[in-house]
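The values are calculated or read from the model by the stated rules, or taken from the named source; none is laboratory data. Every value quoted in this text rests on a predicted model; they were computed, and no experiment measured them. Every residue, glycine as well, gets a Cβ built from its backbone with ideal geometry; the counts of neighbours run over all protein chains shown.
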Amino acid sequence: MREIASRVKPTIQVDGETFKDLNGDGELQPYEDWRLPPAERAADLASRMEVDELAGMLVISSRPMGRYQTDPEKASLGGLLDEEHHETHMFGSPQLEGTTEIITEKHVRHFIVRESPAPRHIAEWVNALQELAEGTRLGVPVIVASNSRNEYGGFSFMPRPDDVDLTLWPGTLGLAAIGDLDLISDFAEKSRAEFDAINIRKGYMYMADTATDPRWFRFNGTFGEDPVFIAEAIRRVIRGFQGEQLGEDSIALTTKHFPGGGARENGFDPHYAEGKFNCYPTPGSLEKYHLPPFIAAVEAGTSSVMPYYAIPSDEKSAIPQPPFEGGFEQVGFTFNREIIEGLLRGRLGHEGYVNSDSGVLTKMAWGVEELTVPERVAKALEAGTDIIADTNDVASVRAACDQGLVSRERLELSARRLLAEMFALGLFENPYRDPEAADRIVADPTHTAAAAEAHRRSVVLLKNSGILPLNEAALGARTVYVECFEKGLTVERLDQVREEIEGLGLPVRFTTDYREADIAWIHLHPFTGDYFTATPEPLDLAIHEETNIRIAKVREIRAAVPTMVVSVNCWLPWLLDEVEPMADALIAGFDCRLTAIAEVVFGQFAPQGRLPVTLPAGPEAIAVDEDGICASPNDVPGYAKEEHMDGRPYAYVDADSNRYVLGHGLSY
């Protein structure tokens with residue numbers, strides 16, 4: 001028996017079963033019949049859609065929530081929906097209409113949520129969107145997408161004081177540091193339950209990119225540098241969120257950023273012009289290092305794939321790059337037919353849809369800047385892209401059709417692919433979720449406990465000169481000083497950190513004056529770069545004042561104490577040549593909780609983590625010459641870079657002769 005939930009449209013009975021009469025004609029149409037396969041239902045519905053309705057299906061737009069609207073006159077459905085008209089959209093597309101207009105008149109059905117209020121508030125908002133959509137001509141529901149929400153330290157577009165997190169596990173680099181594929185499956189399954197509870201049924205996640213350029217600002221969103229491990233991790237993540245196939249409790253994933261965003265030009269990202277090229281200077285690097293995780297994603301049945309913004313550069317690459325026999329078309333991947341239709345669909349066999357990255361029609365239209373916006377739409381669709389993000393520019397999709405650049409048949413093809421996902425997820429039968437259950441599921445103590453254990457297991461002990469663990473027997477009467485260094489650190493935040501550590505109930509005598517301490521534990525969280533803006537030079541990976549670490553203060557503490565433990569949040573592969581010599585013990589965390597590191601420092605948990613990336617030997621290993629050529633190839637993982645460096649070292653070696661290569665990690 002299929003669960004049917006209707007708030008607006010009537011239901012009808014056929015053969016003893018219940019169906020929603022979505023078009024209100026009193027008859028059971030094929031697209032209303034949940035007994036039929038999703039593809040068959042999608043084909044029927046797409047054929048019934050008007051051109052404007054098809055065009056609305058082909059865009060996905062960020063949508064503000066009504067709860068943040070300060071003017072009650074600009075909200076509807078009890079304040080749940082924002083009805084304000086905004087003159088600009090975050091990625092440069094035309095004005096953003098109110099929610100009712102964009103659903104009922106623009107016929108948009110795909111939305112991105114970027115806010116993070118309490119789980120019940122998200123569920124209530126999505127339910128309101130669904131109720132509004134159910135009342136339209138064909139009763140087509142909406143589907144709401146989000147970037148990942150279950151990793152500690154993740155990037156937030158719209159942080160607010162009332163944010164409530166889902167269960168936070170270590171960052172994906174931290175999951176890779178654990179190296180346990182069964183744990184990754186558990187992470188995905190528990191996170192799936194939370195996404196389903198808040199009614200976010202589409203995930204813009206996860207990154208299958210192999211992290212080969214250490215200065216890439218998005219490095220911490222990857223599963224590291226080992227393409228074999230990344231492939232298996234991505235396979236587990238997709239199966240955990242989607243299941244063996246999409247169903248009523250699945251979260252449909254968009255795997256990104258095809259064919260791999262890691263091959264940067266000295267770290268510069270295609271969110272800005274300085275990084276608009278993917279560069280493959282090493283023969284065979286695309287096929288050997290960057291494609292394997294996407295092959296695994298397709299084999300696992302990822303619902304959709306997101307191509308990156310970048311242009312695959314012929315000039316800056318070793319051509320040909322297998323599996324291609326010649327040069328690349330010099331346009332961004334969204335517009336690149338040989339990449340999408342030829343490689344992704346043809347060679348890899350992807351059967352789902354293709355979802356562009358955000359802003360490709362405006363700010364990041366690399367390689368097609370001379371085209372009009374309707375021509376860019378046509379170019380993307382011709383290449384095999386099905387839905388354009390993050391835009392509400394339905395008019396340009398319609399214009400592409402009216403100008404003869406795109407046929408109705410091509411619009412229907414994309415609509416069928418998109419609708420098939422929605423049918424498979426059961427959104428046409430029950431698009432609603434219980435807000436109270438959302439709070440309960442997100443607060444599940446088994447989720448919290450599993451995530452806490454993962455944080456502990458993700459900690460990597462890099463160096464230990466006979467210092468750790470600092471358990472009760474080792475400490476004796478000695479006192480410990482704790483300090484954190486990070487961007488924007490306040491006295492209140494430092495006090496909170498110290499209270500959290502002391503709250504673990506450890507048998508430790510703490511002092512707030514390093515001059516009175518016997519041991520200092522210093523935690524460093526360097527920060528550099530920007531998501532949307534290029535730095536004047538390649539990203540600075542040194543640990544010093546320019547990366548928000550008061551290194552002079554660290555030296556001062558080192559001079560005052562007999563013993564010092566240093567931990568570093570390695571969300572980027574920092575250069576450790578400045579801090580490692582000062583450390584009697586050195587620890588790497590990967591967006592993990594500081595309390596997890598504390599448990600390792602003070603002997604409550606024996607470290608298990610292993611480096612998911614190779615850490616560079618020093619500035620000379622990543623130096624860029626006057627021609628823009630890096631001393632180590634940016635398209636090759638750290639573990640293999642020395643094969644291309646004519647005998648020069650890439651991996652860092654510490655004072656105890658530990659090599660900080662992929663897989664390194666000590667215990668005690």
Is it the case that residue 346 is under 20 Å from the mean Cα position of the chain (by Cα) and either modelled with pLDDT of 95 or more or surrounded by 24 or more Cβ atoms within 10 Å (Cβ to Cβ) (or both)?
-> no
Single unsatisfied condition, residue 387 versus (1) in contact (Cβ under 8 Å) with a residue 40 or more places away in the chain; (2) crowded, with 21+ Cβ neighbours inside 10 Å; (3) farther than 27 Å from residue 323 by Cα = (3)
Quick one: would you say residue 325 is over 22 Å from residue 358 (Cβ atoms) and either under 21 Å from the mean Cα position of the chain (by Cα) or buried (at least 22 other Cβ atoms within 10 Å of the Cβ) (or both)?
-> no
Residue count, the stretch 272-302 (criterion: touching a Ser or Thr at 6+ places or on another chain (Cβ under 7 Å), in a loop (DSSP other than H, G, I, E, B) and farther than 21 Å from residue 329 by Cβ) = 2
Would you mention how many residues in the stretch 231-250 are of a type in the set (D, E, K, R) and in a loop (DSSP other than H, G, I, E, B)?
-> 3
So which residues in the stretch 519-544 are part of a strand (DSSP E or B) and out of contact with any Leu (no Cβ under 9 Å at 6 or more places or on another chain), if there are any at all?
-> 520, 522, 524
Regarding residue 569, is this residue touching a residue at least 60 places away in the same chain (Cβ under 8 Å), of a type in the set (S, T, N, Q) and in contact with a His (Cβ under 6 Å, 6 or more places away or on another chain)?
-> yes
Just one listed residue, out of 357, 439, 390, is acidic (Asp, Glu), at pLDDT 95 or above and closer than 30 Å to residue 613 by Cβ, and it is 357
Report, ordered by the first and then the second residue, all pairs with beta carbons closer than 6 Å, sequence separation of six or more or different chains, a first member in the stretch 174-193 that is over 20 Å from residue 611 (Cβ atoms), and a second member that is of a type in the set (Val, Ile, Thr).
-> 188/237; 192/251; 193/441
Residue 510 vs. criteria surrounded by fewer than 16 Cβ atoms within 10 Å (Cβ to Cβ), in contact with a strand residue (DSSP E or B) (Cβ under 9 Å, 6 or more places away or on another chain) and either farther than 22 Å from residue 266 by Cα or among the hydroxyl-bearing types (Ser, Thr, Tyr) (or both) = yes
Taking the stretch 116-139 and keeping only residues that are at pLDDT 95 or above and polar (S, T, N, Q), one is left with 127, 130, 136
Which condition breaks for residue 365 when tested against (1) part of a loop (DSSP other than H, G, I, E, B); (2) within 19 Å of residue 256 (Cβ to Cβ); (3) touching a residue at least 40 places away in the same chain (Cβ under 8 Å)?
-> (3)
State all residues of the stretch 609-628 that are touching a residue at least 60 places away in the same chain (Cβ under 8 Å), over 21 Å from residue 578 (Cα atoms) and surrounded by fewer than 24 Cβ atoms within 10 Å (Cβ to Cβ); if no residue qualifies, say none.
-> 610, 628
Odd one out for residue 319 among (1) within 16 Å of residue 222 (Cβ to Cβ); (2) without any contact (Cβ under 8 Å) to a residue 60 or more places away in the chain | (1)
Helices (runs of 4 or more DSSP H) enclosed by the stretch 396-513 - at least 2 residues per element that are within 28 Å of residue 127 (Cα to Cα) = 408-424, 435-442, 445-458
Residue among 560, 588 that alone is buried (at least 19 other Cβ atoms within 10 Å of the Cβ), in contact (Cβ under 8 Å) with a residue 40 or more places away in the chain and small (Gly, Ala, Ser) = 588
Within the stretch 172-225, tally of residues that are basic (Lys, Arg), outside any loop (DSSP other than H, G, I, E, B) and surrounded by fewer than 24 Cβ atoms within 10 Å (Cβ to Cβ) | 2
